[in-house]
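Here the structure comes first, spelled out in structure tokens, and everything after it is commentary.
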Amino acid sequence: MEDKGYLTPKQEKVLRFIRKRVGEGLPPTIREIGQEMGFKSTGTVRDYLKALIQKGLVKRMNNKSRAIELAEGAAVFNKIPIIGTINAGKPNLAYEEIQGYVDADDLFLGRLGFNDVFALRVKGDSMIDAGILEGDVAVIKKRPDAQNNDIVAALLDNNEVTLKRLRSKSGRFYLEAANVNYPPIFEEFKVIGRLITVIRKY
């Protein structure tokens, strides 16, 4: 079976257009997809649809004039899993248990693949001066390193995870809160990702 976890940027764009049109109650025709994408040939559209069908994201119903439909697999594709909470207060354990999804249409991710990111719900107030509040959803790019002044998700020695700003002093990295009421963290830690954006819904 094809890997559903990776789509090319153009495949993602085709899928996003199909999802938009299906959500409006009018699935697109092959010609409409071609016009939206700027494809000169309907054969090119069919190639993209074939790839999406093989990945289990799209299906075609031959007995309909607007035959393109979303498969069940597309329901959560392009959605980033919220895998737990992350303390922006005192460090605390972030349990990797999916608690919902962030719709990728809310974000601008460029060429990032959806296996490269995850989301955590913020708990606590240690990052309020960076504009990060309790209840926000922090979208994190998975990576083992970061630059000085980046906001990161960091794993401490006791398997606790916290969201803090990465700082360097005399060649030594430490974690700093964005709230004067919280002291810096100098204990050993491992960067597991860098903050991309914060989502807040009102």
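The values are calculated or read from the model by the stated rules, or taken from the named source; none is laboratory data. Not measured: the values here are computed from a predicted model. Virtual Cβ from ideal backbone geometry, glycine too; neighbours counted across all protein chains shown.
Here are a few things to note about the model shown:
- Residue selected from segment 8-52 under the condition closer than 12 Å to residue 70 by Cβ and of a type in the set (D, E, K, R), by the criterion surrounded by the fewest Cβ atoms within 10 Å (Cβ to Cβ): 20
- Note on segment 107-134: residues that are at pLDDT below 90 and loosely packed, with under 14 Cβ neighbours inside 10 Å total 5.
- Residue in segment 58-79 that is outside the structural domain of residue 131 (by TED's automatic domain parsing), more than 16 Å from the chain's Cα centre (by Cα), assigned to a helix (DSSP H, G or I) and modelled with pLDDT of 75 or more present: no
- Segment 1-56 - residue that is aromatic (Phe, Trp, Tyr) and not in a loop (DSSP other than H, G, I, E, B) and, of those, modelled with the highest pLDDT: 48
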